[in-house]
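Here the structure is laid out as structure tokens; the discussion comes afterwards.
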Amino acid sequence: MSHYSITTPIYYVNAEPHIGHTYTTIVADTLARYHRLAGDETFFLTGTDEHGDKIAEAAAAQGIEPRLFADRVSGIFQSTWETLDISFDRFIRTTDPEHVRAVQHILRVVHEKGDIDFREYEGLYCVGCERFLTERDMVEGLCRDHERAPEKRTESNYFFKMSRYFGALAEQLDAHPDWIRPERYRNEVVAMLREGSGLDDLCISRPKTRLDWGIELPFDADYVCYVWFDALINYLAGLGYPDGPHWEERWAGVEHLVAKDILKPHGVFWPCMLMAADLPLYRHLNVHGYWNVDDRKISKSLGNMISPLAMREQYSFDAFRYFLLRDMSFGLDSSFTEEALVTRINADLANNLGNLVSRTLNMTAKFCGAAVPAPGEPGPLEQTVQDAAGEAAREVDRRVRAMELHRALEAIFRLVDATNKYLDQRAPWKAAKQEGREAEVATTLYTCCQALRSIGLLLSPFVPEAAGAILERIGATGLEASARLPGDAASWDQLAAGTATTRGAALFPRIESPEADA
Ligand code: ME8
């Protein structure tokens with residue numbers, strides 16, 4: 001049995017879940033659901049990143065302890081994903097004792113190996129920010145945020161000798177061109193290594209005098225581990241490292257999923273850390289672009305965060321899911337507008353898919369006594385629908401594995417189109433009025449029910465609730481729990497004649513007056 005593990009970034013607890021986190025989490029959920037259906041031993045990991053000064057500051061601003069603050073926001077992430085039926089297997093928090101243990105374990109291993117050393121350095125420190133500034137933090141010699149001159153300070157810290165591994169990393173990128181995908185992001189990492197891009201050894205500690213909200217270094221109790229060296233290790237800890245029963249198999253099949261904002265830590269720091277700890281590298285790093293809202297970057301101050309729970313309330317979560325998965329070409333940026341969302345729901349879900357479902361089931365009720373009819377011999381037209389289902393199943397499999405979920409959905413909708421076209425050609429509503437054409441009507445509606453079976457199965461990782469409803473209406477309730485993809489979505493003659501069908505309400509009601517126009 002092959003193992004498939006999928007991870008999302010662990011989200012910072014200084015913001016509540018918005019469209020960006022939701023997109024990554026939905027992509028991971030779709031992949032996890034697909035791989036479960038493909039028979040892989042699947043593990044889906046998500047969680048929250050809770051240490052560091054950003055969180056300590058956010059907690060201080062609310063006058064509460066960082067731990068309490070983290071508990072609250074982490075709880076919001078977890079309960080949001082639960083409400084949205086996200087099928088994660090483990091929700092990891094960087095404050096979990098297992099995570100702390102895993103981080104300390106790796107720190108020990110890498111320290112003993114001689115890849116961590118203690119250095120004094122001098123830098124420009126901003127008292128307002130309580131940290132050392134980089135070139136980018138300054139405008140004309142002043143701190144960008146505090147508009148005051150930073151002071152020269154020296155501090156001693158621990159450094160991970162990351163640059164030792166840059167050569168091996170460059171070789172890995174050369175030898176496995178799709179290890180970081182899509183290719184544009186692999187090229188970015190190659191360029192970072194080639195040009196240096198500020199890449200050097202990595203400072204991995206903070207003195208407790210300056211920050212104590214973190215994991216204590218196992219070899220120096222005056223220091224805590226600093227953010228990335230802590231956060232990245234969640235991917236191992238969440239799978240059970242270092243002594244859980246399955247972590248090695250799970251790790252061997254691990255796929256990371258992130259947006260381009262954190263390409264450097266995942267494309268450079270993390271593989272170097274893994275090499276230093278003598279651990280195998282991840283299978284792929286999958287990188288997507290940004291959702292912008294009304295053409296602007298998402299930010300708290302603009303108030304354009306788009307809450308997934310509000311979207312669910314207004315449009316159904318499946319409709320929102322479908323839009324996000326269908327409208328973003330994986331790897332590129334995309335713009336969210338409520339108008340585009342409504343157009344997509346109406347065109348694809350209400351009209352195209354919704355009509356196929358309601359026409360098929362209404363006519364099955366009317367002409368075939370609300371039961372799957374017994375079909376006659378299929379003709380060439382029936383064969384085109386069956387071929388389209390086989391084609392869709394194969395293409396969905398290929399596209400999902402290549403991280404092209406929008407293309408996978410296009411392939412499913414080609415099958416929806418082909419079935420709608422077939423139904424129009426056969427026009428059973430006319431045939432049913434003519435003597436002697438009962439068998440043809442039965443074959444037509446059987447073919448449509450059979451196509452809906454394929455469509456329901458193929459859609460189930462993408463829009464699980466709606467797909468479940470489609471299967472239920474053709475009398476195949478719960479089929480998605482036991483089916484195997486892609487094969488079962490291509491197999492024909494699977495519906496037993498006589499099985500009761502139901503009409504049900506509109507799967508995706510048409511949206512008449514979008515909020516955006518209000
Ligand atoms: O970076 N478009 O956490 P974070 C698409 N804790 N995706 C977006 C997005 C947008 N506009 N905004 C956020 C961190 N995301 C670290 C990660 S991992 C070891 C530590 C998603 O809360 C996207 O997945 O800032 C992005 O990479 C992530 O949220 C950043 O989440």
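Here is how the numbers come out for the structure above:
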| quantity | calculated |
| --- | --- |
| Share antiparallel - DSSP beta bridges, the chain, percent rounded to 5 | 50 |
| With Cα atoms, 0 to 90° folded angle of helix 19-37 axis to the chain main axis | 60 |
| Sum of side-chain charges, R401 neighbourhood, beta-carbon under 13 Å (Lys, Arg +1; Asp, Glu -1) | 0 |
| Amide H contacts under 5 Å for S335, placed H, 5+ residues apart | N292 |
| Low-density loop positions, trypsin sites (Lys or Arg not before Pro), segment 391-473 - DSSP coil, at most 11 other Cβ in 10 Å | K433 |
| Relative contact order (%) - the chain, alpha-carbon pairs under 8 angstrom, separation at least six | 15 |
| Neighbour cut-off at most 16 other Cβ (10 Å), DSSP loop, GluC sites (Glu not before Pro), segment 144-214 | E147 |
| Loop-located GluC sites (Glu not before Pro) in segment 390-436, at most 11 other Cβ atoms within 10 Å (DSSP) | E435 |
| Heavy-atom accessible surface of segment 221-287: percent carbon and sulfur, 1.4 Å | 50 |
| Span from the segment 473-498 Cα centroid across to the segment 283-323 one, whole angstrom | 32 |
| Residue-by-residue Karplus 3J(HN,Hα) for segment 256-266, coefficients 6.51, -1.76, 1.60, Hz, glycine and proline x | 9, 10, 8, 8, 5, 4, 10, 5, 4, x, 7 |
| Per residue accessible area of the chain, 1.4 Å probe, in Å² | 43 |
| Percent accessible area from carbon and sulfur atoms, segment 11-137, protein chains only, probe 1.4 Å | 48 |
| Interchain or long-range residues, amide H under 5 Å from Y226's placed H | S205, R206 |
| Net charge of neighbours whose Cβ lies under 13 Å from the Cβ of E151, counting Lys and Arg as +1 and Asp and Glu as -1 | +1 |
| Positive minus negative residues near G52 (Lys, Arg vs Asp, Glu; Cβ under 10 Å) | -3 |
| Nearest-ten-degree value, helix 405-426 long axis tilted from longest Cα axis of the chain | 10 |
| Size-normalised alpha-carbon gyration radius of the chain, reference 2.2 N^0.38 Å | 1.13 |
| Backbone HN-Hα couplings from phi across segment 447-455 [Karplus 6.51/-1.76/1.60, Hz, Gly and Pro as x] | 4, 5, 4, 5, 5, 5, 5, 5, 5 |
| For G376, distant residues with modelled amide H under 5 Å away | T443 |
| At 1.306 mPa s and 10 °C, Stokes diffusion of segment 3-288 via Kirkwood alpha-carbon radius, µm² per second | 80 |
| Debye equation applied to the C-alpha atoms of segment 338-490, log10 I(q)/I(0) at 0.08, 0.12 Å⁻¹ | -0.22, -0.49 |
| Lone cysteines, the chain (no partner Cβ under 4.7 Å) | C203, C225, C272, C368, C448, C449 |
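The values are calculated or read from the model by the stated rules, or taken from the named source; none is laboratory data. Keep in mind it's a predicted model, so treat the numbers as computed, not measured. With ideal geometry, Cβ positions are generated from the backbone for all residues, glycine too; neighbour counts draw on all protein chains shown. Surface areas here come from the heavy atoms of the whole protein model, side chains and all, with no ligands, DNA or RNA. Shrake-Rupley method; radii C 1.70, N 1.55, O 1.52, S 1.80 Å.
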